[in-house]
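S.K.: Before anything else, here's the structure in question.
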Amino acid sequence: MNRKTWVLSSVIGLLVPVLAGCGGLTGSDDKDKPIVVGTSDIFTAGKKMPAPFDPAYAYDISSWNLLRQTIQSLMRIPRGGGEPAPEAAQECSFTDSGQQRFTCTLRPGLRFANGHAITSKTFKYSIERVVAINADSGVSGLLNNIDTIQTPTPRDIVFLLKSPDATFPYKLSTPTAGAVDPALYPRKRLRDGFVLDGSGPYSLKPETKGGLLARAVLSRNPTYKGGLRIQNDKVELRPFKDPDRLAAALEKGEIDVIAKGLTTGQTSKWTARPPAHVGLTEMPALEIRYLAFDTKGVSKPIRQAIAHLVDRGQIASEVYGTAAEPLYSLVPQGVASHSNSFFNLYGEPSVAKAREVLEEAGITTPVPLTLHYTTDHYGTRTKGEFEVLKKQLNASGLFRAEIKGAPWDVHRPDGIEGKYKVYGMGWFPDFPDPDSFIAPFLGKPNFLNSPYDNKRIRTELLPESRRAADRLSTANGSLQKIQDIVAEEVPFLPLWQGKQYIAARDDITGVEWALSSSSILQLWELDRGVGS
């Protein structure tokens, strides 16, 4: 067989993390205690979002980070990033010259935590289930290029693709492509609630309160067979709504780690002078924030006028300080093929240019506009970001903007259902390749259920980029053109690119690996020891 070697994107952000000085050293007498991780992520299960932990539905970084602890995929992203490595698989490769036939051989003796055996047919069932359910979250779009799945032996699985796709190994590393037990996950419907079962490094025991996840207890799965080295026996994940309460819990030793949720003020203060026995680590990150438009309800001249007015630098500095920087493309800096397309086209904010666009289109000003944002999913600073946006638009005299916030379990479904003309969203990549910042937004279907459809992007440029095994150069031309088209038509308006920080008590080791640049939470890296 001709085994095709693929080269995936080089991410500049994959650098050695920067650690602030710790406040002191503590011993490791509590090595057998669970490692308690605090987060600002809030997990909700309800009528509009009934199955937050089903791989056929979940499509946000918060849920995925719990799925990755429990659901095992064929491939995985190494802890430092780079080319996907086998996980449930013993080996995987393209076995044709056209990158349309991908073959994996499973590790021997794979079992779910409940003891049920895993074969190639288990993965076939799991992946076909995602596609068949086709949830409105848009997550099935990751797998819609699969034409046929063959299982010639219990350990061998063959994927035949509709079109060449050099990023397919990455897609097999996502929880969406992970194995679920057919006895627990129905073929044609979602598994509601916070239940989660798999063959990954941990088993999950959820504790709930009023439709919210109050605590997730993750215990080492003794049946796990994969490529990860598990450094601990138990981790508890605790959500906090109040960032001050979260920080205080770490200072008091009630929790051991803050994986997400530190405010700008806290990171600034702790960088200069960490609390006793606490260390702060700055991690490379590929998080982006943007505005999404209903392109049927908001005309292109209005979208372009907004692009002329938004001052990204002011948003970043006033609201996020050093934790964010302006972003001028959906593809962030640090990812191959990034282009400052929006800056190249619009330059510095200009009221005169925005007025000219609206006048040429015959649009009466001020234009009424409601900007929607989520109150709880991306932290407390989101409201401040939208207050600055509102001021920028209204100060021009060209818009009469107002802002309206809603919790995530309302914001996300309402956005999918087309109830918003303009709304804010964040994005953490499915994998660190430019395709993950383009296809989920511009493909059909897409995870926003956006009406925007550029046929040149969808049928020519995107397939062209995926044919390129060399993600650093060959794919660059088509990816650059896609970014330029998005800047001209403005179906989305990129705002800023973030940094991420993790704070931990100084007896916790492995902190520098606990978050990848794609914000993958790698809880298996954490352990108790003597800090440094």
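S.K.: Quick one: which of Trp513, Trp496 is within 16 Å of the chain's Cα centre (by Cα) and either open to solvent by 30 Å² or more (accessible area, probe 1.4 Å) or at pLDDT 90 or above (or both)?
M.R.: Just one listed residue meets the conditions, Trp496.
S.K.: Could you check the stretch 266-291 and list, in sequence order, the residues that are open to solvent by 50 Å² or more (accessible area, probe 1.4 Å) and part of a helix (DSSP H, G or I)?
M.R.: Ser268, Lys269, Thr271, Ala272
S.K.: Out of the residues in the stretch 112-144 that are hydroxyl-bearing (Ser, Thr, Tyr) and outside any helix (DSSP H, G or I), state the one that is nearest to Ala439 (Cα to Cα).
M.R.: Across the stretch 112-144, the extreme among qualifying residues is Ser137.
S.K.: Among Pro239, Pro206, Pro175, Pro243, which is at pLDDT below 95, surrounded by 15 or more Cβ atoms within 10 Å (Cβ to Cβ) and not basic (Lys, Arg)?
M.R.: Answer to the check: Pro243.
S.K.: Name the residue that is surrounded by the most Cβ atoms within 10 Å (Cβ to Cβ), counting only residues in the stretch 385-415 that are hydrophobic (A, V, I, L, M, F, W, C) and part of a strand (DSSP E or B).
M.R.: That would be Phe399.
S.K.: Sort through Asp197, Asp165 and tell me the only one that's under 18 Å from Arg68 (Cβ atoms) and of a type in the set (Asp, Glu).
M.R.: On the way: Asp165 fails: under 18 Å from Arg68 (Cβ atoms).
Selected residue: Asp197, the only one of Asp197, Asp165 that is under 18 Å from Arg68 (Cβ atoms) and of a type in the set (Asp, Glu).
Table: residues versus (1) touching a strand residue (DSSP E or B) at 6+ places or on another chain (Cβ under 7 Å); (2) surrounded by fewer than 20 Cβ atoms within 10 Å (Cβ to Cβ).
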residue: Pro50; (1), (2): no, yes
residue: Arg76; (1), (2): yes, no
residue: Gly82; (1), (2): no, yes
residue: Ser93; (1), (2): yes, yes
residue: Ile149; (1), (2): yes, yes
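S.K.: Need the failing condition index for Gly109 against (1) among the small types (Gly, Ala, Ser); (2) open to solvent by less than 10 Å² (accessible area, probe 1.4 Å); (3) outside any helix (DSSP H, G or I), just the number.
M.R.: (2)
S.K.: Still on this structure, please answer the following. Yes or no: Lys188 surrounded by fewer than 18 Cβ atoms within 10 Å (Cβ to Cβ), modelled with pLDDT of 95 or more and at negative phi?
M.R.: yes
S.K.: Go through the stretch 73-101 and give me each residue that's among the hydrophobic types (A, V, I, L, M, F, W, C) and over 25 Å from the mean Cα position of the chain (by Cα).
M.R.: Within the stretch 73-101, just Phe94 meets the criteria.
S.K.: Of the residues that make up the stretch 336-345, is at least one in contact (Cβ under 8 Å) with a residue 60 or more places away in the chain, in contact with a Phe, Trp or Tyr (Cβ under 9 Å, 6 or more places away or on another chain) and part of a strand (DSSP E or B)?
M.R.: Looking through the stretch 336-345, none of the residues is in contact (Cβ under 8 Å) with a residue 60 or more places away in the chain, in contact with a Phe, Trp or Tyr (Cβ under 9 Å, 6 or more places away or on another chain) and part of a strand (DSSP E or B).
S.K.: Quick one: count up the residues across the stretch 346-384 that are in contact (Cβ under 8 Å) with a residue 12 or more places away in the chain and either farther than 30 Å from Pro413 by Cα or in a loop (DSSP other than H, G, I, E, B) (or both).
M.R.: Counting residues in the stretch 346-384 that are in contact (Cβ under 8 Å) with a residue 12 or more places away in the chain and either farther than 30 Å from Pro413 by Cα or in a loop (DSSP other than H, G, I, E, B) (or both) gives 21.
The values are calculated or read from the model by the stated rules, or taken from the named source; none is laboratory data. For clarity, every value in this text was computed on a predicted model and none was experimentally measured. Cβ sites come from the backbone with ideal geometry, for glycine too, and all protein chains shown count toward neighbours. Note: areas computed on protein heavy atoms with side chains; ligands, DNA, RNA excluded. Shrake-Rupley method; radii C 1.70, N 1.55, O 1.52, S 1.80 Å.
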